[in-house]
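Below is one structure, written out as structure tokens, with a few remarks after it.
Read the figures in this text as sums done on the coordinates, not as results from a lab. This structure is a prediction, so every number in the text was calculated from the model and none was measured. Because the Cβ atoms are built from the backbone with ideal geometry, glycine has one as well, and the counts that use them run over all protein chains shown.
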Amino acid sequence: MKKLNIHFVGIKGVGMTPLAIIAKEAGFTVSGSDIDMEFITDATLKHAKITPLIGFSKDHIKNPDLVIITGAHGGFDNPEANAAKIKGIKVITQGEAVGLFMEGAILGKKLIGISVAGTHGKTTTTAMLATIFKESQLDPSYVIGTGNVGNLGSPGHFGKGKYFIAEADEYATEPKYNKKSKFLWQFPKIAIITNIEFDHPDIFNSLDDVRNAYLMFCNQLYPKSVLIVYGDDPEIKKVVHGTNIINITYGFNQDNDYVLENFHTSGDHIFFRLISKGTVISEFMLKVVGEHNALNAAASIIASMESGLSIEKIKKGLLSFSGSKRRLEYIGELLSGARVYDDYAHHPTEIKTTLKALRSQFPNKKIVAIFQPHTYSRTKKLFGEFSNSFSAVDSVMLTDIYASLREEVDPSVSSEILFNVMKSQSKDIIYLPTLPDVVKYINEKRYRSDTVIVTMGAGDIYTIHRELKFL
């Protein structure tokens, strides 16, 4: 098979970097471009010896065989996409590329796909699965939407094995020209749905629309595919009721096929027992916290068992999983004594879940959440839910909304408005518009060892860490 020359437009994106790394490891020539801003993938690309071109220009399109774009940076209207089309070079989206990689059309070998879908938990569950398969010597290929993953290192890998593990995102293929959900390009042998909630109001008008997208995903699975779902989720129940694909359920409720019991936290570890039809599968331990991670692990365990792995191999793989970048990631200890964590949470449910996990880990410490809302459309649509998402913490710092490159400024919603609502609810909250304001405030407060600080949001809130003073 000819080794392609592939150009990635927006190569720093968490969906694009893993694909670029896979392509390079597969022996393809890889190039790419992006804006001159810090991304969590910068170090990963540097380690892979991939240097992005700065900015977007038609001059960046020499003679690649294929150009892959994202929904950001203008999508199909990006100058590099236009230059490629003029030259007759094929241009596809990141979502389509993941599907083609999974089926082996680009990589040149037939692969068994495992797709992880869900409003929350995709990245962690995909990372857990990749870790289990790697530790079991299966050398899988994988696409994980983050900067790096604990013992895996890179979020993308082209393995010698037969499995291709990927996140399956319900977001639009290309927001302007193709609103087809990205996961509809994937046709896996095993599919997981972790949960279904209303998100991405710039694409979906209602929860019904989101649910219908998941129903389409389920209905296009192969007849012999395995569908693993979180059985306690009411929206998932509606979806599986409308599909003929046989599903396996997991959750805390006793009517699931796999039931989690005896969940508890000890320090920075969680423990739980998994039972199926009255039979104990095993006890499991993970080096992460939160009930949500026990559920992510349960989905990973079932998918691994369906792939023929032994319980002992699965337990060993899970125990070696140490989390993913920006998923309740421990950053360090300030000189003043406070511990600092970082999380990608940008949806009210994610915020509540993450803070609940942090509270279970530190029941006797003060918790300070620093939240940067992500996108005007999401903040506006879920305004009420955001205002009630921080009950588990002692105080909140609120920064200005981080606007997506895909949207225009909406003056009808702002962090200051959200601040005023939360303040009226007697929450200990302060509005600090800019990131330098946050850094100055933290340095002045000198939080001590009785305090845990967590930065939260899908924007650039994590960049304040380099301005803080750590041990």
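Using equal-weight Cα scatterers in the Debye expression, the normalised intensity of the stretch 180-239 in log10 at q = 0.23 Å⁻¹ is -0.99.
Note on Lys423/Phe187: beta-carbon distance plugged into 1/(1 + (r/R0)^6) with R0 of 51 Å gives a FRET efficiency of 0.55.
Residues whose amide H falls under 5 Å from that of Ala117, counting only those 5 or more places apart or on a different chain, are Ala168, Ile192, Ile193, Thr194, with hydrogens built in the peptide plane. Between Asp77 and Lys176, full extension at 0.36 nm per residue minus the direct alpha carbon distance yields a gain of 34.7 nm. Here each label is just a point 7 Å from Cα along the line to Cβ, and for Thr434 and Lys87 those points are 4.0 nm apart. Using only alpha carbons, the stretch 111-327 has a radius of gyration to Kirkwood radius ratio (Rg to Rh) of 0.94. By the count of other C-beta atoms within 10 Å, a proxy for reagent exposure, Asp257, Asp169 are ordered fewest to most as Asp257, Asp169.
Going 7 Å from the Cα of Lys2 in the Cα-to-Cβ direction, what parts of the stretch 55-98 have a backbone nitrogen less than 15 Å from that spot? Within reach of a label on Lys2, which here means backbone N under 15 Å from a point 7 Å along Cα→Cβ, the stretch 55-98 contributes 63-67, 88-91.
Please give me, ordered by residue number, the trypsin sites (Lys or Arg not before Pro) of the stretch 362-471 that lie in loop per DSSP and have at most 14 other Cβ atoms within 10 Å.
Numbers: sites: Lys365, Lys366, Arg378, Lys380, Lys381, Arg406, Lys423, Lys427, Lys440, Lys445, Arg446, Arg448, Arg466, Lys469; in loops: Lys365, Arg406, Lys427, Arg446, Arg448, Lys469.
Passing both the DSSP loop test and the Cβ count: Arg446, Arg448, Lys469.
Residues whose amide H falls under 5 Å from that of Tyr258, counting only those 5 or more places apart or on a different chain, are Thr249, Tyr250, Gly251, with hydrogens built in the peptide plane. One chain, two ends: Ser310 and Glu385. Fully extended at 0.36 nm per residue, the span grows by 22.8 nm beyond their Cα-Cα distance.
Measuring how big the stretch 329-467 is from its alpha-carbon positions, Rg and Dmax come out at 14.1, 42 Å. Quick one: check the C-alpha center-to-center distance for the stretch 402-442 versus the stretch 37-88, whole angstrom. If we compute the Cα centre of each part, the gap is 32 Å.
Pairwise Cα distances in the chain exceed 35 Å in 30 percent of cases.
Using R0 = 35 Å, the C-beta based FRET efficiency linking Thr51 and Thr279 works out to 0.05.
Between the DSSP loop rule and a limit of at most 12 other Cβ atoms within 10 Å, which GluC sites (Glu not before Pro) in the stretch 16-124 are left?
Working: sites: Glu25, Glu38, Glu80, Glu96, Glu103; in loops: Glu38.
Qualifying residues, ordered by number: Glu38.
Taking every C-alpha pair closer than 8 Å and separated by at least 6 residues, the mean separation divided by the residue count of the chain gives a relative contact order of 12 percent. Panel values: the stretch 1-93, Kirkwood radius from alpha carbon pairs, Stokes-Einstein at 4 °C and 1.567 mPa s, translational diffusion coefficient 100 µm²/s.
Rounded to whole numbers, the Karplus 3J(HN,Hα) couplings from phi for the stretch 266-280 are 9, x, 9, 10, 10, 9, 7, 10, 10, 10, 9, 6, x, 9, 6 Hz, using 6.51 cos²θ - 1.76 cosθ + 1.60 with θ = phi - 60°, and x at Gly and Pro. Normalised by the number of residues in the stretch 101-167, the average gap of Cα pairs under 8 Å and 6 or more apart makes the relative contact order 38 percent.
In this simple spin-label model, placing a label point 7 Å from the Cα along the Cα-to-Cβ direction at both Ile112 and Lys238 gives a separation of 3.4 nm.
Taking every DSSP helix (H) stretch of at least 4 residues in the chain, weighting each as -39,500 (n - 2.57) and dividing the sum by the residue count yields a mean residue ellipticity at 222 nm of -8500 deg cm²/dmol. Distance between the modelled labels on Glu444 and Ser266, one decimal in nanometres: 4.4 nm (7 Å Cα→Cβ projection).
If each residue's Cβ is checked for other Cβ atoms within 10 Å, how do Leu129, Leu53 rank with the fewest at the top?
Values: Leu129 31, Leu53 16.
Going from least to most buried by this count: Leu53, Leu129.
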